[in-house]
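Engineer: First the structure, then my questions, so here it is.
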Amino acid sequence: MTILVTGGAGFIGSNFILDWLDSSSEPVVNLDKLTYAGNLANLAGCAGSNRYAFVRGGIEDDARVGEILRRNGVRAVVNFAAESHVDRSIHGPSAFIETNVVGTMHLLEAVRGYWSKLPNAGREAFRLLHVSTDEVYGSLQPGAAPFTEEHPFRPNSPYAASKAASDHLVRAYHETYGLPVLTTNCSNNYGPYHFPEKLIPLIIHNALSGKALPVYGDGQQVRDWIYVKDHCAALRCVLEAGRPGETYNVGGRSEMANIDVVLTVCSLLDSRRARTDGRSYDSQLAHVADRPGHDRRYAIDASKIERELGWGPAVSFAAGIAKTVDWYLDNPDWVANVTSGAYRSWIEKQYA
Ligand code: NAD
Ligand code: TYD
């Protein structure tokens, strides 16, 4: 049997594939369009594996997806493919609707076509796991109870709205066609291979480059941070034992205000690679204009997945952020390749 991962050249997808190949003997096919966020260097560790295959393509190409499913006898699909950055969605929502909404619908159609022709046992065992975000729930007031799976959807950015639409489509395919789907809604991830447009890798990169560390508004917005490997472990649990048609919230039990995240990164860098002038990296901090529609707080109640599937986060924020800072310090070539855009030229040459 084989699993199909879509969007596996991005941040979470590449961590998921690397962990999958380490912890399972089952082959993986990775279908990724290689947008700006897709980087095959993340998967250099799979190069020698005969259990890994890469296909460049989009989830919206249902004929291609159908062919991959049939040719490999796929027994499960894990969908990471998405446009994922809130700020980009504010500047240009259309790519978010194209991939996250229309693309997901085409993926669902391709999967439904394949699944409906499987023999009974294959149809029953088949799973589509849709990887989504806590941002679909909107913003929490300070002190309010964390999001449960029953929390109403109130997305506030075009990104969050497009992911909410995709979650609804996935649910509808279960209710209407009986497709055995699973959905996860996870909080903010951090860790290796995180594209440096997102807060944590951006702060590490800017600090080391002597640039300003931009903190939106008052920096008191709260996110519930989870180390990416913990998220990947939760996805493996849900794929293995989640109940079809259900959604599972996944979080790190680590609520932090943005300003505290930035100060933690600065102090780790101070202790590991001190500035030559002896000042702290926090002297580079700059409060900048707030993000429009900026959600004030996200927090996840993960008791359902903890209770039903026995998953819980294993890595504390203190341990995970130290590992993450060390990874960026140890991998300057990966960072340079991404920030210079060199990985793009390679992709264009390779797939010309
Ligand atoms: P990412 O932007 O790093 O990676 C997205 C990947 O999808 C890239 O490799 C890109 O090339 C690929 N892709 C984009 N459009 C595609 C298409 N049409 N067809 C095939 N591939 C396409 O994103 P990420 O941070 O790894 O997030 C992965 C998923 O997890 C997303 O669905 C996101 O909504 C969800 N999620 C992310 C977080 C987080 O903190 N990053 C938290 C919860 C959920
Ligand atoms: P981000 O990493 O973009 O994730 P998301 O918007 O999906 O939560 O941002 C995390 C938080 O950090 C969010 O509240 C916005 C804030 N932020 C900054 O303050 N400065 C920045 O330069 C970025 C990219 C984000």
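The values are calculated or read from the model by the stated rules, or taken from the named source; none is laboratory data. Since the model is a prediction, treat every value here as computed from it, not as a measurement. Cβ: placed from backbone, ideal geometry, glycine included. Neighbour counts: every protein chain shown. The protein model used for the area step is the full one, side chains on, heavy atoms only, and it has no ligands, DNA or RNA in it. Shrake-Rupley method; radii C 1.70, N 1.55, O 1.52, S 1.80 Å.
Engineer: Ranked by accessible surface with a 1.4 Å probe, highest first, in what order do 26, 240, 348 come? The partial results should precede the final answer.
Structural biologist: On the way: 26 30, 240 150, 348 95 Å².
From most exposed to least exposed: 240, 348, 26.
Engineer: Here's something else I'd like to know. Once you have the alpha carbon radius of gyration of segment 27-126, what is it after dividing by 2.2 N^0.38 Å, with N set to its residue count?
Structural biologist: Values: Rg = 15.0 Å, N = 100, 2.2 N^0.38 = 12.7 Å.
Rg over 2.2 N^0.38 Å, computed on Cα atoms: 1.18.
Engineer: Between residue 220 and residue 208, what is the label-to-label distance in nm when each label sits 7 Å out along the Cα-to-Cβ direction?
Structural biologist: So the two model labels end up 3.3 nm from each other.
Engineer: To test your reading of the geometry: what angle, between 0 and 90 degrees and rounded to tens, separates the Cα axis of helix 62-72 from the longest principal axis of the chain?
Structural biologist: Here the helix axis deviates by roughly 80 degrees.
Engineer: How are the alpha carbon pair distances in segment 223-265 distributed across 5 Å bins from zero to the largest one, expressed in percent?
Structural biologist: 5, 20, 22, 18, 14, 9, 6, 5, 0
Engineer: Once you treat every alpha carbon in segment 199-251 as an equal point and sum by Debye, what is log10 I(q)/I(0) at q = 0.23 Å⁻¹?
Structural biologist: -0.91
Engineer: Hey, another quick one. Would you tell me the accessible area of residue 323, worked out with a 1.4 angstrom probe on the heavy atoms of the protein chains, in Å² to the nearest 10?
Structural biologist: 100 Å²
Engineer: Based on C-alpha coordinates, I'd like the Rg and Dmax of segment 138-275, in Å.
Structural biologist: According to the Cα coordinates of segment 138-275, Rg and Dmax are 17.7, 59 Å.
Engineer: Just for the Cα atoms in segment 139-180, what are the lengths along the principal axes, largest first, rounded to whole Å?
Structural biologist: The principal-axis extents, from largest down, are 40, 22, 11 Å.
Engineer: What number comes out for accessible area per residue over segment 217-292 if the probe is 1.4 Å? Units Å², please.
Structural biologist: Working: 3300 Å² over 76 residues.
Averaged over the residues of segment 217-292, the accessible area is 43 Å².
Engineer: Where does each of 153, 80, 147 land when they are ordered by accessible area, with a 1.4 Å probe and the largest first?
Structural biologist: Details: 153 70, 80 25, 147 0 Å².
Putting 153, 80, 147 in descending order of accessible area: 153, 80, 147.
Engineer: Here's something else I'd like to know. Can you tell me the dipole magnitude for the chain around its Cα centre, using point charges on the Cβ only (Lys, Arg +1; Asp, Glu -1), in Debye to the nearest 20?
Structural biologist: Working: 34 positive and 39 negative charges, 118 e Å.
The calculated dipole for the chain is roughly 560 debye.
Engineer: Can you give the Kirkwood hydrodynamic radius for segment 73-144, in Å, rounded to one decimal and based on Cα pairs?
Structural biologist: 14.6 Å
Engineer: Give the residues of segment 289-314 whose amide nitrogen is closer than 19 Å to a point set 7 Å from the Cα of residue 145 in the direction of its Cβ.
Structural biologist: 297-308
Engineer: P(r) for the chain: what percent of alpha-carbon pairs falls in each 20 Å bin, starting at zero?
Structural biologist: Whole-percent P(r) values from 0 Å outward: 30, 60, 10, 0.
Engineer: When only the heavy atoms of the protein chains count and the probe is 1.4 Å, how do 339, 2 rank by accessible area, highest first? All intermediate terms of the calculation are to be shown ahead of the outcome.
Structural biologist: Values: 339 65, 2 15 Å².
The ordering from most to least exposed comes out as 339, 2.
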